[in-house]
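Read the structure below first, then the notes.
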Amino acid sequence: MTEKTSLTPRDVGTLATAADKAAVLIEALPWIQKFAGETIVIKYGGNAMINDDLRRAFAEDVVFLRHVGVNPVVVHGGGPQINAMLEAVGVESEFRGGYRVTTPEALEVVRMVLTGQVGRQLIGLINSHGPYAVGLSGEDAALLRATRKKAVVDGEEVDLGLVGEVTGVNPAAVQDLLAAGRIPVISTIAPEFDAAGQPTGEVLNVNADTAAGAVAAALGAAKLVMLTDVEGLYANWPDKSSLISSLSAADLRTMLPSLEAGMIPKMSAALAAVEAGVARAHIVDGRQSHSMLLEIVTTEGVGTQVVPDEEAS
């Protein structure tokens, strides 16, 4: 007769931990089923881009999405890295109206950092898990089109140099990569087009938030997820108890003029994406490991989501 053995406290603890993990997977199942085959566009930025642990966690999240049948597309900027490189090479850079004035010398640095440093680093991290990521810039296959952006400071229009706003997206190159099972990683440099729709030969530095929103709309993405350095959108900043978990596009339109300057590009991009047909836009705290997955595949979520007006009514 076989003698029965009892579980030690360590065994019990291990089983409890495994049960917790299983419960999370079961909770995620309906979300995985819902988004299998769908495209999710992720704007990568903030601390998630400069902290080694967060970078690795982000790469793991993207690969996880790929393996459960989601088509992730990553769009990134690189403000901190650009600042550091401009200082290192002695190129002066100033801000007017909240935008970086971009001279031809500064643009060369921006282009080098976005495509040659930030993008390559993320691609390397993703590809440490398998041959998935492929880098693109907005210049490749005319993925992005842009016109020059002006800013108004103290009631006067000022020249920002080689700064643009996205006016069009040609998603064919991204769609080709997704069809091949790849993960596109897009840096936000865009060729300039004139009022007649013709390329001028110049290249412009464009805001990564607005570029991500435009890419999400052009791809018909199921979600736009934007990583930032706050927990989400607050109704009464800096009161952290006023964090908004969900709001309609109409409510966001009303709030937009009163938001802090740093949140306006993000929330404007989220609003534009939802208005263009993206089903959900999420603002997520990139300072927390795996926050993107928690927002996508759990019922509670961790950030702020923007939904179409008809769903909120």
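Every number in this text was worked out from the coordinates using simple rules, so none of it is lab data. Not measured: the values here are computed from a predicted model.
Pairs Lys150/Lys240; Lys21/Lys223; Lys240/Lys266: which exceed 28 Å Cα-Cα?
In this structure, Lys150/Lys240 exceed 28 Å between Cα atoms.
If each residue of separation counts as 0.36 nm, what is the full-extension length gain between Leu25 and Met112 once their alpha-carbon separation is subtracted?
Fully extending the segment from Leu25 to Met112 adds 27.3 nm.
Please report the spacing between the Cα centers of the range 31-52 and the range 207-225 in Å, no decimals.
First find each Cα centre; the distance between them is then 12 Å.
Between [x] 81, 81, 38; [y] 89, 43, 36; [z] 59, 42, 35, which matches Cα extents along the principal axes in Å calculated for the structure shown?
Checked against the structure: label [y].
Please state the relative contact order of the range 36-311 as a whole percent: Cα pairs under 8 Å, 6+ residues apart?
Normalised by residue count, the contact order of the range 36-311 is 21 percent.
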